[in-house]
Amino acid sequence: MTTIVKYKNKKNRYEIICNKQYISEYKKLNSKEDKYKILNKLLVSDTVFSNYSKGEVAKMEDLFKITNCTNKNDAILHLIDHGDIPVSASERKQLTDQKFNEIVNFIHKNYLNPVNKQPYSLSIIKSSLKSIKGFSVDYNKSAESQFNNYKKKLSLPLVKNCLISNIELTHAQIGKGMSILNKYAAIITENYHKNGATIEIESTQNNYENIIQSLKKI
């Protein structure tokens, strides 16, 4: 089964034909490398249309300007990431419920009750979120970004569940490794030695997991 991913701005319209079965898998991916790997399965065709029903193909030079990309695959990723993917009412409810649980788990994993320094129960977090006036879930946005939008309105006092850890990097890993650490953590100390470097960091549990997964790729 196919679906049309549509991207629109004030002047332009782009449409990409995708295999519907791979859309949800694609949406779970964060890195460009992982998205590239699934692209061949996701796309029915790598043709970008301005109007698929009329067979009108988009002009690449206009596409590159709008997406601020220099190659076709990067432009396609941009359109899919920021485009509108049609979903049924049941699919929308499933995606919304799934994202709500991701937000709840994000809070449970990364924040503590400042009184007893323990995580709040999942049920308490759910109740607190649902009690926020105007609270709604966008299944296209990350759990962290949506938490940040509502954290000041939560009835729960929160403190970050911070981890202090040492990361060992070889000489070959230091360049990319330090970029990853600076993205996801606060650097406490840096100790450079003959084998590479030992970096002491402070991070949340969620970001620590991101660091480990990113470091595995280098």
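The values are calculated or read from the model by the stated rules, or taken from the named source; none is laboratory data. Bear in mind the structure is a predicted one, so any value in this text is a computation, not a measurement. Ideal geometry is used to build each Cβ from the backbone, glycine not excepted, and the neighbour counts take in all protein chains shown. Heads up: the accessible areas ignore ligands, DNA and RNA and are worked out on the full protein's heavy atoms, side chains in. Shrake-Rupley method; radii C 1.70, N 1.55, O 1.52, S 1.80 Å.
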Any chance you could count how many residues in the range 150-178 are among the polar types (S, T, N, Q) and surrounded by fewer than 13 Cβ atoms within 10 Å (Cβ to Cβ)? 3
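If you go through the range 8-18, how many residues are surrounded by fewer than 16 Cβ atoms within 10 Å (Cβ to Cβ) and free of Cβ contacts under 8 Å to residues at least 60 places away in the same chain?
Restricting attention to the range 8-18, the residues satisfying the condition of being surrounded by fewer than 16 Cβ atoms within 10 Å (Cβ to Cβ) are 8-13.
Right, trim to free of Cβ contacts under 8 Å to residues at least 60 places away in the same chain and you get 9-13.
Looking only at that region, the number is 5.
Let me confirm something: among 141, 126, 152, which residue is in contact with a helix residue (DSSP H, G or I) (Cβ under 6 Å, 6 or more places away or on another chain) and among the charged types (D, E, K, R)?
On the way: 141 fails: in contact with a helix residue (DSSP H, G or I) (Cβ under 6 Å, 6 or more places away or on another chain); 152 fails: in contact with a helix residue (DSSP H, G or I) (Cβ under 6 Å, 6 or more places away or on another chain).
So the residue among 141, 126, 152 that is in contact with a helix residue (DSSP H, G or I) (Cβ under 6 Å, 6 or more places away or on another chain) and among the charged types (D, E, K, R) is 126.
Determine whether the range 94-110 contains at least one residue that is closer than 30 Å to residue 60 by Cβ and of a type in the set (A, V, I, L, M).
So the first thing to find is which residues in the range 94-110 are closer than 30 Å to residue 60 by Cβ, and the list is none.
No: zero hits.
Across the range 82-133, what is the total count of residues that are within 30 Å of residue 26 (Cα to Cα), touching a strand residue (DSSP E or B) at 6+ places or on another chain (Cβ under 7 Å) and either modelled with pLDDT of 90 or more or open to solvent by less than 70 Å² (accessible area, probe 1.4 Å) (or both)? Break it down stepwise before answering.
Narrowing the range 82-133 to residues within 30 Å of residue 26 (Cα to Cα): 82-111, 122-123, 125-126, 129-130.
Still in the running and touching a strand residue (DSSP E or B) at 6+ places or on another chain (Cβ under 7 Å): 82-86, 110-111.
If we keep only those that are either modelled with pLDDT of 90 or more or open to solvent by less than 70 Å² (accessible area, probe 1.4 Å) (or both) too, we end up with 83, 85-86, 110-111.
So the count comes out to 5.
Quick one: in the range 32-64, of everything that is of a type in the set (D, E, K, R) and over 30 Å from residue 214 (Cα atoms), which residue is least open to solvent (accessible area, probe 1.4 Å)? Walk me through how you get there before you give the answer.
Taking the range 32-64 as the starting set, the residues that turn out to be of a type in the set (D, E, K, R) are 32-35, 37, 41, 46, 54, 56, 59, 61-62.
So of that shortlist, the ones also over 30 Å from residue 214 (Cα atoms) come out as 54, 56, 59, 61-62.
Working: 54: 145, 56: 85, 59: 130, 61: 109, 62: 58 Å².
Of everything passing the filter in the range 32-64, 62 is least open to solvent (accessible area, probe 1.4 Å).
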